[in-house]
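Quick note: the coordinates plus some simple rules give every number you see, no bench work behind them. Please read all numbers here as calculations on a predicted model, not as lab measurements. Here the Cβ positions follow ideal geometry from the backbone for every residue, glycine too, while neighbour counts run over all protein chains shown.
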Ligand code: DC
């Protein structure tokens with residue numbers, strides 16, 4: 001069986017950074033499942049389709065997405081790295097992600113990322129729904145204020161305009177929607193290692209996760 005390491009958590013908890021570092025360290029493939037929801041939302045926006053319209057499901061099924069080895073992401077052949085990461089795209093992704101039929105349409109596409117020698121999968125329901133059989137599951141959390149500050153720095157560094165109080169409010173609203181939705185809500189898997197990264201540098205989080213991975217029996221391989 002392909003070893004899968006799942007990393008779930010809210011936006012800004014550091015899961016994307018952790019997932020990238022682990023994938024590089026272990027030589028594993030990487031699934032940024034949030035990007036798949038973001039791409040679907042973007043495809044809907046570009047096609048002028050309302051986020052609650054039935055057509056979003058067809059767009060999800062036929063999504064022309066490409067994840068290049070250099071980390072760039074393409075939608076219908078066009079690089080969308082900038083627009084993909086905006087708060088607006090994130091909020092649209094969160095809305096379509098609350099629809100069970102959209103989640104079902106994206107399920108197999110996510111499963112297909114599990115290839116030898118292994119996968120690090122980052123998202124909201126990687127350990128609970130998409131890869132429940134994964135031998136090592138992590139749930140990374142952090143306070144809304146800390147996550148908003150991290151996001152603020154990231155946006156400013158990338159040349160975007162941002163206001164911290166508005167970001168905190170947006171993050172709270174998105175958390176509320178992601179945690180309370182009826183299908184695949186954001187919750188730690190029963191067997192997940194839960195880490196609050198609010199006061200921890202990424203190196204410490206990574207070291208804790210490596211210990212956990214080894215303790216889960218993956219030490220013979222890595
Ligand atoms: O991780 P992110 O911020 O790129 O995710 C964008 C939105 O997509 C997020 O608000 C909720 C949704 N999402 C989801 O429902 N399930 C996932 N596995 C990943 C993301």
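Based solely on its DSSP helices, what 222 nm [θ] is calculated for the chain when runs of n ≥ 4 H residues each add -39,500 (n - 2.57) and the sum is averaged over all residues, nearest 500 deg cm²/dmol? All intermediate terms of the calculation are to be shown ahead of the outcome.
Details: 9 runs with 104 residues, N = 222.
For the chain, the value works out to -14500 deg cm²/dmol.
Using only the alpha-carbon atoms of segment 1-135, report the extent along each of the three principal axes, biggest first, to the nearest angstrom.
41, 28, 26
Based only on other Cβ atoms within 10 Å, what is the fewest-to-most ordering of 131, 212?
Values: 131 24, 212 17.
By the 10 Å Cβ count, ascending, the order reads 212, 131.
Just rank 4, 57, fewest to most, by other beta-carbon atoms within 10 angstrom. Can you show the working numbers first?
Numbers: 4 25, 57 17.
Placing the least packed residue first, the sequence is 57, 4.
I want the antiparallel fraction of DSSP beta bridges within segment 1-147, as a percent rounded to 5.
Details: 5 of 18 bridges.
In segment 1-147, approximately 30 percent of DSSP beta bridges are antiparallel ones.
Would you mind checking segment 92-111 for residues with the amide N under 15 Å from a putative spin-label position 7 Å along Cα→C-beta of residue 2?
Residues 107-111 fall inside that zone.
Taking neighbour counts of Cβ atoms within 10 Å as a proxy for exposure, in what order, fewest first, do 92, 210, 1, 126 appear? Intermediate results must be reported in sequence, preceding the final value.
On the way: 92 19, 210 16, 1 8, 126 30.
So the ranking, lowest neighbour count to highest, is 1, 210, 92, 126.
On a C-alpha basis, how far is the centre of segment 78-153 from the centre of segment 7-55 in Å? Whole number, if you could?
Result: 4 Å between the Cα centres.
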